[in-house]
1. Touching a helix residue (DSSP H, G or I) at 6+ places or on another chain (Cβ under 9 Å) and in a loop (DSSP other than H, G, I, E, B) - does that describe any residue in segment 81-89?
2. Take the conditions in the same structural domain as residue 215 (by TED's automatic domain parsing), out of contact with any helix residue (DSSP H, G or I) (no Cβ under 6 Å at 6 or more places or on another chain) and surrounded by fewer than 20 Cβ atoms within 10 Å (Cβ to Cβ) and apply them to residue 187. Does it pass?
3. Scan 72, 94 and give me the residue that is assigned to a helix (DSSP H, G or I) and surrounded by fewer than 17 Cβ atoms within 10 Å (Cβ to Cβ).
4. For segment 30-74, what are the residues that are under 19 Å from the mean Cα position of the chain (by Cα) and closer than 22 Å to residue 129 by Cβ?
5. Taking the conditions exactly as written (surrounded by 12 or more Cβ atoms within 10 Å (Cβ to Cβ) and farther than 22 Å from residue 116 by Cβ), does residue 80 satisfy them or not?
6. Please pick out the residue among 210, 178 that is more than 21 Å from residue 82 (Cα to Cα), at pLDDT 95 or above, touching a strand residue (DSSP E or B) at 6+ places or on another chain (Cβ under 7 Å) and not assigned by TED's automatic domain parsing to the domain that holds residue 101.
7. Which ones in segment 30-66 are more than 22 Å from residue 119 (Cβ to Cβ) and surrounded by fewer than 16 Cβ atoms within 10 Å (Cβ to Cβ)?
8. Assigned by TED's automatic domain parsing to the domain that holds residue 16 and touching a residue at least 24 places away in the same chain (Cβ under 8 Å): does that describe residue 64?
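The values are calculated or read from the model by the stated rules, or taken from the named source; none is laboratory data. In this text the structure is predicted, and so the values were computed from the model without any measurement. For neighbour counting, all protein chains shown are included, and Cβ atoms are generated from backbone atoms with ideal geometry for every residue, glycine included.
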């Protein structure tokens, strides 16, 4: 067996965690007293990148990544109102920014996806796993996700690398958008489903397969298992009746001490 110390880690992961938080809150949401200036954030990201890629590529990735912040900010500002409109329990936009796990996971995914498209090693997955550890929502950085993606609650959601999600899609806790099976020789294949515009997927639903398409304007009920395409404007649900019986009444002696 090879010894673990043959792997020399390129950077301390604790360097990245505050960097991610600062990018979200200092740059994307422009908090009044930022932890780091934009130049400081750029320098810190460069310091990390040059440990894993040539310096020319590091600079290119950093500059393009930071250039996307304004676009991401506009998308997230619109998404705040999507969350507010869909959740009757929400009290303010600030509450959504600071305390909604679904919103945080999507915000991190927007950043991770840019890094993924730039072919930056390690960092995209680290960003997504940081969000996963904080929220319980596992979105691979390679997943392509459209506008106004609404996640309610979110715990236990899994979205695979080659998933494609359209605009105005809503999903609830425990949803899996996954592959039929895992094999390394499928790395370059589309393994995960396509969810078209205006689809709602309720809690516990599992949708599998790279050729599986959920047609637009469809509703997928809770706990269903789907492995083939669904036509647009469909409603999919489990037809089963709960069983109800009377409990046996047992009498116990009460003891007073």
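1. yes
2. Numbers: in the same structural domain as residue 215 (by TED's automatic domain parsing): yes; out of contact with any helix residue (DSSP H, G or I) (no Cβ under 6 Å at 6 or more places or on another chain): yes; surrounded by fewer than 20 Cβ atoms within 10 Å (Cβ to Cβ): yes.
For residue 187, the condition - in the same structural domain as residue 215 (by TED's automatic domain parsing), out of contact with any helix residue (DSSP H, G or I) (no Cβ under 6 Å at 6 or more places or on another chain) and surrounded by fewer than 20 Cβ atoms within 10 Å (Cβ to Cβ) - is met.
3. Values: 72 fails: surrounded by fewer than 17 Cβ atoms within 10 Å (Cβ to Cβ).
Step by step, each of 72, 94 is checked, and only 94 is assigned to a helix (DSSP H, G or I) and surrounded by fewer than 17 Cβ atoms within 10 Å (Cβ to Cβ).
4. Taking segment 30-74 first, the residues under 19 Å from the mean Cα position of the chain (by Cα) are 65, 68-69, 71-74.
Within segment 30-74, 65, 68, 69, 72 qualify.
5. Details: surrounded by 12 or more Cβ atoms within 10 Å (Cβ to Cβ): yes; farther than 22 Å from residue 116 by Cβ: yes.
In short, yes.
6. Answer to the selection: 178.
7. The first filter runs over segment 30-66 and keeps only residues more than 22 Å from residue 119 (Cβ to Cβ), leaving 30-40.
Those that are more than 22 Å from residue 119 (Cβ to Cβ) and surrounded by fewer than 16 Cβ atoms within 10 Å (Cβ to Cβ): 30, 31, 32, 33, 34, 35, 37, 38, 39, 40.
8. Numbers: assigned by TED's automatic domain parsing to the domain that holds residue 16: yes; touching a residue at least 24 places away in the same chain (Cβ under 8 Å): yes.
The answer is yes for residue 64.
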